[in-house]
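The values are calculated or read from the model by the stated rules, or taken from the named source; none is laboratory data. All values derive from a computational prediction rather than experimental measurement. Please note: Cβ atoms are built from the backbone with ideal geometry, for glycine as well, and neighbour counts cover all protein chains shown. Each accessible area value is taken on the protein alone, full model and side chains, heavy atoms only, with ligands, DNA and RNA left out. Shrake-Rupley method; radii C 1.70, N 1.55, O 1.52, S 1.80 Å.
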Amino acid sequence: MFRDMFLDVMDGIFAFALVFVGDGVTILQEIAGNSQPRKKMDHFTCYLPGVVTLGLELASFEERKIWMSFAENVTSTCFGMYRWSPCGLAAEHIELDEDDFLYFSGGYMLRPEVTEALFYMWRSTHEQKYREWGWEIFENIDRW
């Protein structure tokens, strides 16, 4: 039952929420009720790469490659929320306008979602960049 629910959620993400933008930016657009989807992603969404890596055992071989690529791209975008900010701390939301220009809104709330994603991505891939990105975030938190 839970396996099927998880797979349904993943199918829904790929069918309705996933938006690829230039330069490797990947967001999950906001879909609220009957309204039109908005190219807006909350910081809270950045927990998803960790969930995906934990659910990889449920996926077929082909799905694993797709899911892992998705997790890597969303993690990169979530880290970008920090890197693209002048102070190095992420805003609560990012939103793209009709020309895919990126806007930040909301203040930094010391949310753990990106660092959780970095941890699970490192555990899954052992790529050093995830540790380095985590350290960069820590240094910016410490600075401010």
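Data overview
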item: Test: residue in region 63-73 that is touching a Cys at 6+ places or on another chain (Cβ under 9 Å) and buried (at least 19 other Cβ atoms within 10 Å of the Cβ); result: no
item: Test: Gln36 is touching a residue at least 12 places away in the same chain (Cβ under 8 Å), polar (S, T, N, Q) and surrounded by fewer than 18 Cβ atoms within 10 Å (Cβ to Cβ); result: no
item: Filtered residue count, region 92-112, keeping only those that are under 17 Å from the mean Cα position of the chain (by Cα), open to solvent by 80 Å² or more (accessible area, probe 1.4 Å) and without any contact (Cβ under 8 Å) to a residue 12 or more places away in the chain; result: 1
item: Condition met for Ser76 (open to solvent by 10 Å² or more (accessible area, probe 1.4 Å), part of a loop (DSSP other than H, G, I, E, B), closer than 19 Å to Asp23 by Cα and out of contact with any helix residue (DSSP H, G or I) (no Cβ under 6 Å at 6 or more places or on another chain)); result: no
item: Selection from region 73-91 of residues that are on the phi < 0 side of the Ramachandran plot, in contact (Cβ under 8 Å) with a residue 24 or more places away in the chain and not β-branched (Val, Ile, Thr); result: Asn73, Ser76, Cys78, Phe79, Gly80, Met81, Tyr82, Arg83, Cys87, Leu89, Ala90, Ala91
item: Residue match in region 71-85 (condition: of a type in the set (D, E, K, R), under 27 Å from Trp135 (Cα atoms) and under 11 Å from the mean Cα position of the chain (by Cα)); result: yes
item: Checking Tyr47 against (1) closer than 22 Å to Ile31 by Cβ; (2) open to solvent by 60 Å² or more (accessible area, probe 1.4 Å); (3) more than 12 Å from the chain's Cα centre (by Cα), the condition it does not meet; result: (3)
item: Members of region 113-144 found to be open to solvent by 50 Å² or more (accessible area, probe 1.4 Å), assigned to a helix (DSSP H, G or I), under 22 Å from Val52 (Cα atoms) and of a type outside the set (Phe, Trp, Tyr), listed by number; result: Thr115, Glu116, Arg123, Ser124, Gln128, Lys129, Arg131, Glu132
item: Within region 1-20, considering residues that are among the aliphatic types (A, V, I, L, M) and under 20 Å from Met68 (Cβ atoms), the one surrounded by the fewest Cβ atoms within 10 Å (Cβ to Cβ); result: Ala15
item: Flag for Ile31 being open to solvent by 50 Å² or more (accessible area, probe 1.4 Å) and β-branched (Val, Ile, Thr); result: yes
